[in-house]
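Below is one structure, written out as structure tokens; the observations come after it.
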Amino acid sequence: MEKPKPALIEPTDAIVRVTMGSICTSDLHIKHGSVPRAVPGITVGHEMVGIVEQVGDKVTNVKPGDRVTVNVETFCGECFFCKNGYVNNCTNPNGGWALGCRIDGGQTEYVRVPLANQGLNRIPYSVTDEQALLVGDVLATGFWAARISEITQDDTVLIIGAGPTGICTLLCVMLHQPKKIIICEQSEERRIFIQTHYPQVQIVLPDECKEIVGKTSENGGADRVIEVAGGEETFRLAWECARPNAIVTVVALYDKPQILPLPDMYGKNLTFKTGGVDRCDCEEILRLIEAGKIDTTPLITHHFPLSEIEEAYRIFENKLDGVIKVAVEP
Ligand SMILES: [Zn+2]
Ligand SMILES: [Zn+2]
């Protein structure tokens, strides 16, 4: 479907020419109608990089010609929550997940980015589009998950789920240099991917996870558990695999309510951290990419021109051909 090129509406807007975009599982949720706040007929896509084409009068952080990453979250930077780094809870009426949900997103040629001073980050000269592609969404998620998990170098960290967000979480957990990292994943393709690219990581199947983690950890369970899978049994697995007084970070978005069986976990004294991701560390993430400390390019397994986006969806949605992430180029 053809739509006119977007124009500036607010003085805080920027127009970005998309040079590379991706498809996220949330785009599939919109396609299947499971995101009630998504506006019908919206152009989806909230993972992208591009070049600033035009800025409103109040945009000072970027200028036309700058290469930028686009943050999936729109936030004001001024309210109580933003000032405390909780940008996911921004109280601005335009705040939250707007791009590719409530307003047209990035699986096209041009996108209007509201509150652009917060929503755009300049890409360092030596960082390619492909290296920066995941910064504004899944990589920011992994970075946040690792950060709030308070990982120390004595820790055994268990990550449940090795999808795109799980792998991004793994990359960010590695920055904290814990003693040991275990990843739990069912899919053989993804297990092989982890084995090939991150041989230092121990891989377990969901069925054996509790037993192996319990036996091989010094204190009967993982010190930190990060649940990224969002499956039927993975929430239970997360707290069961945690040692007493562990931190369990829940990044996963579930289809259904989960049971928190307090009598069963009484005495385990767990700390749970949950919720919507605060994607406010993009500048730091870009610096880490520039310094060679994070590399998400192995995750981008497929490239398509924008004209073949339907094929890109088919591959991504059906998890064909070993796909992890696709890059789509207008
Ligand atoms: Zn997403
Ligand atoms: Zn705010």
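Every number here is computed from the coordinates shown, using simple stated rules; none is lab data. On a predicted model such as this, the values are computed, not experimentally measured, just so you know. Ideal geometry is used to build each Cβ from the backbone, glycine not excepted, and the neighbour counts take in all protein chains shown.
Couple of notes before you dig in:
- If you take the Cα centroid of the range 97-174 and the Cα centroid of the range 28-61, the two points sit 15 Å apart.
- Here the range 69-152 was treated as a single set of alpha-carbon atoms; its pair distances binned every 10 Å from 0 give 16, 45, 33, 6, 0 percent.
- Cα shape, the range 143-274, gyration tensor, a/c 1.5 rule: rounded
- Rg over Rh, two decimals, the range 271-330 (C-alpha only, Kirkwood Rh): 1.10
- At 1.567 mPa s and 4 °C, Stokes D of the range 118-220 from Kirkwood alpha-carbon radius, µm² per second: 88
- Selection from 251, 89, 173, by position along the positive dipole direction of the chain (Cβ): 89
- Every helix of 4 or more DSSP H residues in the chain counts as -39500 (n - 2.57), and over all residues that averages to -7000 deg cm²/dmol at 222 nm.
- Given charges at Cβ of Lys, Arg, Asp, Glu: the chain dipole, positive-most of 226, 69, 115: 115
- Reachable lysines from residue 256, criterion Cα separation under 30 angstrom, eight or more residues apart if same chain: 31, 210, 268, 273, 319, 325
- Around residue 13: net Lys/Arg minus Asp/Glu count, Cβ-Cβ under 12 Å: -1
- Rh (Kirkwood; distinct C-alpha pairs) - the chain, Å: 20.3
- The trypsin sites (Lys or Arg not before Pro) of the range 235-301 that meet both conditions, a loop assignment by DSSP and at most 16 other Cβ atoms within 10 Å of the site Cβ, are 268, 293.
- Lys, Arg +1 and Asp, Glu -1 on Cβ, resulting dipole of the chain about Cα centre, debye, nearest 20: 560
- Remark on residue 303: its backbone amide H falls under 5 Å from those of 327, a criterion applied only to residues 5 or more positions apart or on other chains, H modelled at 1.01 Å from N.
- Local electrostatic count, residue 293, Cβ distance below 11 Å [Lys/Arg +1, Asp/Glu -1]: -2
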